[in-house]
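Only one structure is covered here, and it is reproduced in the block below.
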């Protein structure tokens with residue numbers, strides 16, 4: 001699949017639409033726990049967003065958000081079901097890491113749910129290591145947190 005990436009922010013219409021699909025998918029996977037996670041996934045004021053396209057069609061997205069002076073948090077990663085397994089997530093994640101490096105960050109962290117085996121596999125495949133749950137995810141049974149140092 002030929003994938004084009006654009007850098008934008010959270011006001012981009014295609015990003016907003018993809019996040020709606022992501023939230024619907026997460027609501028189904030997380031069930032009763034969804035409202036807990038949803039409060040940490042607002043997209044207003046995210047300045048670093050990547051949207052992936054196959055031709056004219058938006059097929060994936062992700063974002064980074066400052067966590068501290070050295071660290072960004074990877075947020076809102078999503079690939080449409082029909083585009084999964086085609087390298088879209090890898091392309092988006094790589095672009096986010098590249099952007100983080102350009103912004104002089106040294107580390108990426110993220111949280112994903114234990115009910116998202118595809119996401120866990122993606123992050124492990126790309127060098128992310130499991131870390132103790134941080135911030136609002138500390139003590140949350142269904143959360144897995146990861147980090148990767150940016151070379």
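Comparing 140, 59, 51 in a Gaussian network model of the chain where C-alpha atoms under 10 Å apart are linked, the largest mean-square fluctuation is found at 140. FRET efficiency for the pair residue 134 and residue 2, taken as 1/(1 + (r/R0)^6) with r the Cβ-Cβ distance and R0 = 30 Å, rounds to 0.25. Counting only DSSP H runs of at least 4 residues, each contributing -39500 (n - 2.57), and dividing by the residue count of the chain, the helix-based mean residue ellipticity at 222 nm comes to -9500 deg cm²/dmol.
Each Cα pair under 8 Å and six or more residues apart adds its separation to the average, and for the chain the resulting relative contact order is 20 percent. Label positions at residue 24 and residue 104, each projected 7 Å from the Cα along the C-beta direction, are separated by 4.2 nm. Using Cα springs under 10 Å in a Gaussian network model of the chain, which residue among 25, 14, 68 shows the largest mean-square fluctuation? Judging by the Gaussian network model, the answer is 68.
Every number in this text was worked out from the coordinates using simple rules, so none of it is lab data. This structure is a prediction, so every number in the text was calculated from the model and none was measured. Ideal geometry is used to build each Cβ from the backbone, glycine not excepted, and the neighbour counts take in all protein chains shown.
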